[in-house]
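Structure, as structure tokens:
None of the figures in this text is laboratory data; all of them are computed from the coordinates on show. Please read all numbers here as calculations on a predicted model, not as lab measurements. Cβ coordinates were reconstructed from backbone atoms using ideal geometry, including for glycine residues, and neighbour counts include every protein chain displayed.
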Amino acid sequence: MDGNPELHVASADASETVTKTTCPYCGVGCGVLVAPSPDGLTARVEGDPDHPANFGRLCSKGAALGETLSLDDRLLTPQVDGQPATWKNALDRVADAFSRAISAHGPDSVAMYVSGQILTEDYYVANKLMKGFVGTANIDTNSRLCMASSVAGHKRAFGSDTVPGTYADLECADLVVLVGSNLAWCHPVLFQRLRQAREQRGTKVVVIDPRETATCEIADLHLALNPGTDVALFNGLLAHLADADCTDANYIDRHTNGFDAALSVARSFSLSRVADVTGLRGADIAAFYELVARTPRTVTVYSQGVNQSSAGTDKVNAIINCHLATGRIGKVGAGPFSVTGQPNAMGGRETGGLANMLAAHMELANAGHRDLVARFWGVDRVPDQPGLKAIDMFEAVASGEIKALWIMATNPVDSLPDADRVRAAIAQCPFVAVSDVTAKTDTTELAHVLLPALAWGEKDGTVTNSERRISRQRAFLHPPGEARADWWQICEVARRLGYGDAFSYAGPSHIFSEYAALTGFENAGTRDLDVSALAGIAPRDYAVLAPFQWPRPRDEAPRETRFFANGNFYTPDGRATFIETRFRPPASTPDEAYPLQLNTGRIRDQWHTMTRTAKTPRLAAHYSEPFAEIHPDDARAAGIATADLVELASPLGRVVVRAVITDRGKRGSVFVPMHWTGQFASDGRVCVLVEANTDPVSGQPELKYSPVSLRRVSPAWFGFAVTSRRPDPAQYAYAAIAPASGGGWRVELADSAQPESWDQLALDLLGGPASPGANAPGGDGAGNAEANGHVEVLSYHDAASNQHRFAAFADGACCGLLFVGPQPVAVSRTWAISQFASQIADGDRLRLLAGRPGAGVPDRGAIICACFEVGQNEITDAITRQGAVTVDAVGACTQAGTNCGSCRAELGRLIHEFALAKTG
Ligand code: SF4
């Protein structure tokens with residue numbers, strides 16, 4: 001660390017040190033104030049009222065950050081071949097493997113796969129090493145899966161990867177169109193800002209999404225179009241804008257090229273053809289078109305539903321075409337707006353994290369840029385060919401072309417399409433190093449060398465959010481164990497490869513200073529990204545650097561900026577380019593064998609592959625098990641009931657998940673979240689089903705559309721347990737685990753075979769005594785076992801109905817519960833977990849076996865509000881018995897929805913469902 005890593009701010013408690021930093025989850029980039037506990041294992045976390053991204057707001061994930069600091073699962077020591085090693089040995093091994101591969105097979109035989117979780121300083125040195133010194137462009141980022149299509153669309157239209165607007169535009173707009181964006185769950189604080197603006201000034205909101213997501217809570221119009229048909233819808237809009245005389249002829253004439261050709265393609269999309277392709281009602285399409293036509297202040301927000309498509313770049317350009325045609329770009333309350341998924345996806349774009357980019361938004365394909373960057377770095381040349389994009393990179397690993405691979409802060413075994421093939425490819429790669437904060441992930445299991453990295457709260461650097469705002473992530477904890485910063489690891493390997501002089505940084509401020517200088521190097525307004533005002537920044541100034549938007553050229557003070565209201569695009573002639581966007585359907589189509597269409601995405605309270613969010617029981621309480629949302633008609637046809645287990649299969653693999661029957665999605669489609677890994681579920685890795693179809697321009701994979709089959713699976717038994725032992729899901733035919741309050745684990749189980757001994761199964765799961773004599777298998781009735789003097793197990797067996805129950809106690813407290821039955825276990829999870837680690841009076845112990853709260857003890861039901869842990873039953877009670885008919889009224893009764901607001905959409909749905917039931 002350099003300089004003073006902590007920015008002290010006023011705290012009511014004088015003994016507290018409060019640090020200003022940035023949330024490590026989504027691309028909203030909220031500022032947070034953190035006051036760690038003296039042992040550093042928890043922290044008080046609040047939204048930073050001064051941060052321009054959130055002005056004090058947080059979502060459920062951000063609010064729970066203080067619960068994710070424990071070191072239980074951390075990688076704290078370097079490892080070589082599964083054994084603890086010194087940093088010297090581990091780094092020597094990485095450098096040696098890279099060096100040997102480069103000598104024998106050339107620089108393109110090595111690769112790095114990095115992540116939108118790393119900081120801008122890490123990204124900068126990783127790219128400098130690979131593209132400047134190793135001599136390969138084989139470095140790509142998991143942001144390829146998230147927003148590569150937006151990058152490609154921006155570059156085709158603007159000549160640069162520029163986000164024109166700011167978050168404030170969503171608050172100033174009269175119409176916000178959300179395309180493929182579940183803003184309520186994926187960018188919750190931005191959603192809160194939009195909802196507040198809508199309440200205050202009546203902003204119209206249109207949601208374009210095949211699913212009725214939580215975001216639809218504020219939609220004036222929801223267009224549930226057929227998946228993958230956005231190009232047709234926006235081509236039709238462009239034609240309508242022209243026909244309705246709503247285009248800006250002056251803007252088109254002065255600042256753009258290619259309008260006539262793009263319009264000519266768009267004109268083939270009549271209203272009836274758009275209706276045919278999208279499956280939308282003509283009247284709804286017309287209403288949308290008319291709303292856009294008459295609303296100059298329109299912002300179109302788009303996200304993964306647009307980007308994660310084999311036509312993602314065309315979708316982006318079809319949207320941008322409409323904004324260029326109306327001149328609604330770079331103006332207050334008007335513009336296209338791509339929102340990124342990861343906290344530093346934008347920083348990665350800016351520093352050349354994509355295999356086809358150079359640092360500081362320069363292009364590998366541009367000889368002038370290559371020359372400029374090479375001179376700045378003091379190298380002879382940088383590669384003149386793009387490197388391997390993520391999908392191609394792992395294909396090259398599979399084919400043996402890549403001999404040495406360094407993975408940093410990401411989990412490709414779970415997050416890339418065709419995930420089992422990716423796992424097999426990594427497993428047979430001659431050398432794999434993984435830098436991570438977590439000891440055991442599905443990817444770290446395959447590494448030859450593990451390098452312990454600093455986590456959020458320990459590392460120090462900058463990130464850029466979706467509105468081009470650069471903020472500091474500051475350390476407020478000491479580095480645990482031997483963990484070291486990613487940038488340090490890269491520089492140490494660079495030094496061992498013989499490039500020490502170019503990588504002798506004193507700290508992250510030194511790296512940032514150099515990066516800032518590069519952005520201004522021979523720029524003079526020719527490139528969008530210029531933060532050269534920060535070149536030469538001193539460590540103490542870097543330590544207190546306030547959030548700012550780029551550009552910030554030398555000698556300019558920070559200010560809010562928008563691009564392109566007056567043209568000045570970064571193309572050779574300064575004009576934007578209309579793209580002829582031709583509709584094409586998704587790459588794979590359902591057939592008889594795989595008749596349904598799989599959509600993947602995020603849920604409200606989990607993040608990526610759960611390495612941080614799964615550390616807090618509060619977030620796990622929302623959805624604690626992988627699931628599939630299935631339309632009622634499809635469920636009926638397959639004989640599937642709510643809570644059944646179902647198998648989804650594609651030609652590539654299978655998953656087994658819990659059925660959630662809902663009409664939120666369209667008939668013929670299923671939705672499965674992306675988060676579950678082999679660490680948390682036996683068969684929940686949804687990317688094993690997804691084909692590696694990519695967009696031909698951006699290389700971004702189609703994660704939103706995969707043909708699959710669906711069938712009910714019929715286990716002989718189901719189980720639910722709460723236990724202090726963390727089970728390994730791989731040990732069970734079906735298992736899903738999640739943390740529970742009280743330090744335990746909640747476990748869902750199922751199997752098609754009966755175990756040899758229920759008591760042994762309970763023993764393995766709960767711990768405690770192996771005492772078959774107390775409850776001989778097959779013996780019915782309640783029993784009592786006492787084996788080691790510390791743990792007492794009560795059990796109940798009814799062999800005829802295949803019901804088995806166990807309750808374990810130690811020192812008067814419940815230390816485990818297991819319920820088994822032939823149907824999905826109906827016991828209240830919230831109640832059972834509340835009993836875990838609680839003192840239970842002798843007279844109440846048999847009650848636990850019944851699996852029901854005692855008289856006078858209400859069952860809260862599934863947790864809806866993570867902040868105040870308010871259950872569904874409590875909310876239903878507020879609606880049905882206390883007469884709460886608005887979300888605010890439910891909040892007044894229960895507190896639900898009154899803090900971060902992430903659950904307000906679900907509260908609205910419960911109120912709506914009650915109203916429907918009452919009327920109908
Ligand atoms: Fe973090 Fe939530 Fe803000 Fe995203 S919206 S940055 S997850 S607090």
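Screening ALA365 on (1) without any contact (Cβ under 8 Å) to a residue 24 or more places away in the chain; (2) outside any loop (DSSP other than H, G, I, E, B) shows it passes everything except condition (2). Do we find that GLY341 is in contact (Cβ under 8 Å) with a residue 24 or more places away in the chain, in contact with a Ser or Thr (Cβ under 9 Å, 6 or more places away or on another chain) and part of a loop (DSSP other than H, G, I, E, B) in this structure? Yes; evaluated as a whole, the condition is true for this residue.
When the stretch 805-839 is filtered for residues that are surrounded by fewer than 16 Cβ atoms within 10 Å (Cβ to Cβ) and part of a strand (DSSP E or B), the ones remaining, listed by number, are ALA813, GLN839. All conditions in (1) touching a helix residue (DSSP H, G or I) at 6+ places or on another chain (Cβ under 8 Å); (2) surrounded by 19 or more Cβ atoms within 10 Å (Cβ to Cβ) hold for ASP92, with the sole exception of (2).
May I ask you to list the residues in the stretch 593-603 that are buried (at least 22 other Cβ atoms within 10 Å of the Cβ) and within 16 Å of the ligand (Cβ to nearest atom)? Result: GLY601, single match.
Taking the conditions exactly as written (surrounded by 20 or more Cβ atoms within 10 Å (Cβ to Cβ), polar (S, T, N, Q) and not in a loop (DSSP other than H, G, I, E, B)), does ASN127 satisfy them or not?
Numbers: surrounded by 20 or more Cβ atoms within 10 Å (Cβ to Cβ): yes; polar (S, T, N, Q): yes; not in a loop (DSSP other than H, G, I, E, B): yes.
So ASN127 passes the test.
If the condition is being surrounded by fewer than 24 Cβ atoms within 10 Å (Cβ to Cβ) and either closer than 30 Å to GLY330 by Cα or of a type in the set (Ser, Thr, Tyr) (or both), then the stretch 444-467 contributes only THR444.
From the list SER181, SER150, which one is closer than 28 Å to ILE579 by Cα, polar (S, T, N, Q), within 16 Å of the ligand (Cβ to nearest atom) and touching a strand residue (DSSP E or B) at 6+ places or on another chain (Cβ under 6 Å)?
On the way: SER150 fails: within 16 Å of the ligand (Cβ to nearest atom).
Matching residue, one of SER181, SER150: SER181.
A Cβ distance below 7 Å, combined with a sequence gap of six or more or placement on separate chains, defines the contacts here; from the stretch 64-81, residues that are closer than 27 Å to CYS865 by Cβ reach residues that are assigned to a strand (DSSP E or B) in the pairs LEU65/VAL32; LEU65/VAL45; GLY66/ALA43; GLY66/ARG44; GLY66/VAL45; LEU69/ALA43; ASP73/THR438.
Just one of the numbered conditions (1) touching a residue at least 24 places away in the same chain (Cβ under 8 Å); (2) in contact with a Ser or Thr (Cβ under 7 Å, 6 or more places away or on another chain); (3) surrounded by fewer than 20 Cβ atoms within 10 Å (Cβ to Cβ) is not true of PRO84: (1). The C-beta contact set for the stretch 607-624 (first residue over 19 Å from CYS186 (Cβ atoms), second residue small (Gly, Ala, Ser) and away from the ligand (no atom under 13 Å from the Cβ), distance under 6 angstrom, 6+ apart or interchain) comprises PRO617/ALA740; PRO617/SER741; SER624/ALA738.
A quick yes/no check of all residues on (1) under 20 Å from GLU363 (Cα atoms); (2) free of Cβ contacts under 8 Å to residues at least 60 places away in the same chain:
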residue	(1), (2)
SER513	no, yes
GLY520	yes, yes
TYR542	no, no
THR571	yes, no
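Would you please name the residue that is farthest from the ligand (Cβ to nearest atom), looking only at residues in the stretch 57-86 that are out of contact with any strand residue (DSSP E or B) (no Cβ under 7 Å at 6 or more places or on another chain) and assigned to a helix (DSSP H, G or I)? By that ranking, first place goes to GLU67. Of everything listed in (1) in contact with a Lys or Arg (Cβ under 7 Å, 6 or more places away or on another chain); (2) assigned to a loop (DSSP other than H, G, I, E, B), the single unmet condition for ALA800 is (1).
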